[in-house]
Amino acid sequence: MAQPAALRIGYLVHNLNDAAVERRCRMFALGGASMRVAGFCRDETVCDALVARGAMSLGQSRDAALVARATATLQEAILHQRLKAFFRDCDVIVARNLEQLGIARAIVGERPLVYECLDIHRSLVGQGMGSRLVRSVEGALLPRCDLLITSSPAFLRNHFDHRPLKAPALLVENKLLPDGGEAPRSAARGVPAPPYVVSWFGMLRCKRTLAFLQQLVRRGEGRIAVLIAGKPSPAEFPDFEGEVAATPGMTYVGPYSYADLPELYGRCDFAWSIDWFEEGLNSKWLLPNRLYEAIAFGAIPIALGDVEVGHWLERHGASLIVADGEMAAQRLLDLEPAELGALREGIARIDRGDVICDEAECRELVRTITSLSAR
């Protein structure tokens with residue numbers, strides 16, 4: 001008996017060089033789907049992984065340039081023939097973020113449309129005229145969606161439950177997806193002793209975090225060090241490397257790949273998991289990549305108790321959970337080696353399946369999307 005053809009996904013993304021885009025492509029592939037990927041790029045060139053997938057670039061965009069991105073989106077939505085041809089043989093269109101959903105709506109036709117939303121932009125929750133306009137656009141697009149994929153239950157409670165979304169929602173957390181199907185091992189940890197090393201990894205865009213960590217290192221007088229890795233936002237940090245270099249005890253090692261994570265986290269005791277970039281909004285609701293990465297590799301997240309990250313960690317009975325930044329600083333400055341050892345043991349007890357994605361989850365994701373095209 002002939003096997004059914006693999007689901008063909010057209011994946012439309014905001015940034016081809018976002019590592020999370022390649023991770024989702026790998027999830028689709030492990031789940032048994034084939035895909036065509038197109039989108040904008042925040043850099044001049046597309047990364048090798050997406051080039052190998054035959055991705056089509058729609059042009060370069062910039063971080064924090066919402067108006068420029070909206071203009072490019074409108075242009076693609078109107079002059080969409082090349083994109084329509086690129087996705088012609090796809091069974092379903094998956095659009096990653098609201099801008100891409102607008103383009104996807106113009107080309108999807110009668111096929112199922114999946115909206116992947118992993119951040120709630122501040123423009124969606126403000127009270128000004130601009131926010132009302134963006135919400136009206138979202139309100140016009142949501143009823144056409146057949147499935148919502150999101151990464152945090154707080155996005156549902158605080159936003160989508162109050163919007164005109166008729167489609168079911170699928171929670172897909174930002175768990176670590178191992179290369180080659182092999183679950184990563186926790187990094188080897190040294191004997192607990194100062195200086196305690198705090199990591200700040202990922203998309204680096206929070207000015208308040210940088211200022212706080214700089215002050216923490218100075219107050220620690222050798223008891224605290226900070227290791228930074230990832231991509232700083234040029235819009236927020238015109239001279240990120242210079243600012244870090246001006247603070248003894250802080251080290252910036254540049255962007256990193258998945259393969260670098262064991263070594264990077266192996267140098268750290270804690271993972272900074274507090275984000276003030278969109279305080280009270282997206283920062284309060286999201287469950288970021290660094291939460292799952294840190295635990296998978298044995299680093300202890302530092303989180304606020306009144307945000308979704310803190311709620312997640314409290315349910316799992318581990319981590320350094322604090323009320324505010326000053327409490328975090330004081331806990332670190334007063335930390336004894338025995339307390340660090342106990343915190344490490346708590347992290348080690350968290351079920352690996354809660355932070356690491358396996359092939360069964362990938363198959364379930366594709367199976368859910370496939371069920372849409374079978375309607």
C-alpha long axis of helix 359-373 to longest principal axis of the chain, angle in °: 30
field: Burial order of peptide ranges 298-308, 20-30 (average beta-carbon count within 10 Å, highest first)
entry: 298-308, 20-30
- prompt: Cα centroid distance between region 303-317 and region 205-239, in Å?
  reply: 23
query: Most fluctuating residue of 39, 130, 220 in a GNM of the chain with Cα springs under 10 Å: which is it?
result: 130
message: What FRET efficiency comes out for residue 219 versus residue 349 if R0 is 45 angstrom and r is the Cβ-Cβ distance? Round to the nearest 0.05.
response: 0.90
query: For region 242-249, in order, what is each residue's ³J(HN,Hα) by Karplus, 6.51 cos²θ - 1.76 cosθ + 1.60 with θ = phi - 60°, in whole Hz (x at glycine and Pro)?
result: x, 5, 5, 4, 6, 10, x, x
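What shape does region 224-317 take by its C-alpha gyration tensor, where a ≥ b ≥ c are the square roots of the eigenvalues and a/c under 1.5 counts as rounded, a/b above b/c as prolate, and the rest as oblate?
Values: a/c = 1.90, a/b = 1.29, b/c = 1.48.
Oblate.
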task: Compute the acute angle (0 to 90°) between the alpha-carbon long axis of helix 337-348 and the principal axis of greatest extent of the alpha-carbon atoms of the chain; round to the nearest 10°.
output: 20
- prompt: What are the extents of the Cα atoms of the chain along their three principal axes, listed from largest to smallest and rounded to whole Å?
  reply: 61, 54, 39
message: Please list, short to long, the whole-number percent of alpha-carbon pairs of region 123-168 in consecutive 5 angstrom bins beginning at zero.
response: 5, 22, 27, 27, 14, 4
query: Between their Cα atoms, which of 231/284; 175/284; 84/175; 84/284 are more than 27 Å away from each other?
result: 84/175; 84/284
task: Compute the distance in nm between two label points, each set 7 Å from the Cα along the Cα-to-Cβ direction, one at residue 136 and one at residue 241.
output: 4.6
message: Using a 7 Å offset from Cα along Cα-Cβ at residue 57, what residues in region 225-239 end up with backbone N under 14 Å from the label point?
response: none
- line: For residue 149, the accessible surface traced by a 1.4 Å probe with all protein chains present amounts, in square angstrom to the nearest 10, to 0
statement: Taking Cα atoms only, helix 19-30 is inclined relative to the longest principal axis of the chain by an angle, in degrees rounded to 10, of 60
- request: Extending each Cα 7 Å along its Cβ direction at residue 359 and residue 129, get the distance between those two points in nm, one decimal.
  value: 5.6
Exposure ranking of 283, 57 by accessible area [1.4 Å probe, largest first]: 57, 283
- prompt: Looking at 108, 31, 153, which one has the Cα that reaches farthest to the positive end of the dipole of the chain (charges on Cβ: Lys, Arg +1; Asp, Glu -1)?
  reply: 108
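Students sometimes get this wrong: rank 243, 236, 116 by accessible area, probe 1.4 Å, all chains present, largest first. Numbers along the way, then the final one.
Values: 243 70, 236 40, 116 0 Å².
Solvent-accessible surface, decreasing: 243, 236, 116.
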Residue-level accessible surface for residue 200, protein heavy atoms, 1.4 Å, Å²: 10
query: For region 291-354, which trypsin sites (Lys or Arg not before Pro) are in a loop by DSSP, counting at most 15 other Cβ atoms within 10 Å?
result: 349
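The values are calculated or read from the model by the stated rules, or taken from the named source; none is laboratory data. Remember, it's a predicted structure, so these values are computed and weren't measured experimentally. Counting neighbours? That spans all protein chains shown, and the Cβs are built from the backbone with ideal geometry, glycine included. Only protein heavy atoms, including side chains, enter the accessible area calculation; ligands, DNA and RNA are left aside. Shrake-Rupley method; radii C 1.70, N 1.55, O 1.52, S 1.80 Å.
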